[in-house]
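Report on the following structure.
Values quoted throughout were computed directly from the atomic coordinates according to the rules given, and no laboratory measurement underlies them. Values in this document were obtained by computation on a predicted structure and should not be read as measured data. Ideal geometry is used to build each Cβ from the backbone, glycine not excepted, and the neighbour counts take in all protein chains shown.
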Amino acid sequence: MTRKAFAAEGAVAIGPYSHAIETGDLIYLSGQTPIDSNTGKLVEGDIATQTEQCFKNLFEVLKTAGVTPDAVVKVNVFLTDMKDFESMNSVYLKQFTEPYPARTTIGVAALPLGAKVEIEMIAEGPK
């Protein structure tokens, strides 16, 4: 198995992992928390603000991998408070066009750095 790693300038890794790995026809994007790449700090604000930053970081990774959000086939969203689902979903809705990627949303006890949301994706590689 061959793995090709991608490191995006507009995304931050807070541990020993790649922003994304391409293997076969798929690109697996590591979860992104709402960290501002300019400051290296968690974006303060409500769930909508944090969700927007997660997507900004993820889309930088997609760009580095040579694909667009249209290549995304699966998304996993992790929320520390499921009461934030509706607000997260309103931001999510604006990130993709129909048909939307498959998605799972999971409530978790905590996320790195006190984030309210973390999002990971799987995308098809460039054709």
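Using DSSP loop states and a limit of at most 14 other Cβ atoms within 10 Å to flag GluC sites (Glu not before Pro), what is the longest stretch of the chain containing no flagged site? Could the numbers behind the result be given before it?
Details: sites that count: Glu9, Glu44.
Answer - 45-127.
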Kindly provide the helix-only [θ] at 222 nm of the chain, computed as the sum of -39,500 (n - 2.57) over DSSP H runs of four or more divided by all residues, to the nearest 500 deg cm²/dmol? -7000 deg cm²/dmol
Cα-based count: Lys pairs in the stretch 1-90 below 23 Å, eight or more positions apart or different chains? 9
In whole Hz, what ³J(HN,Hα) sequence does the stretch 61-77 give by Karplus (6.51, -1.76, 1.60; θ = phi - 60°), x for Gly and Pro? 5, 4, 4, 4, 7, x, 10, 10, x, 5, 7, 6, 10, 8, 10, 10, 10
Would you mind ranking Tyr28, Tyr100, Tyr92 by Cβ crowding within 10 Å, fewest neighbours first? Tyr100, Tyr28, Tyr92
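For the chain, what is the relative contact order in percent, using Cα pairs closer than 8 Å and at least 6 residues apart in sequence? Before the final figure, lay out the partial values.
Working: 250 pairs, mean separation 40.0, N = 127.
32 percent.
Given +1 on the Cβ of Lys and Arg, -1 on the Cβ of Asp and Glu, and no further charges, what dipole in debye does the chain carry about its Cα centre, rounded to the nearest 20?
On the way: 11 positive and 16 negative charges, 53 e Å.
The calculated dipole for the chain is roughly 260 debye.
Restricting to DSSP loop positions (anything but H, G, I, E, B) with no more than 16 other Cβ atoms inside 10 Å of their own Cβ, which trypsin sites (Lys or Arg not before Pro) remain in the stretch 1-100? Display every interim value, and only then the final one.
Values: sites: Arg3, Lys4, Lys41, Lys56, Lys63, Lys74, Lys83, Lys94; in loops: Arg3, Lys94.
Loop-located and lightly packed - Arg3, Lys94.
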For Kirkwood radius over Cα pairs in Å, the choices are (1) 15.3; (2) 15.9; (3) 14.6; which was calculated from the structure? (3)
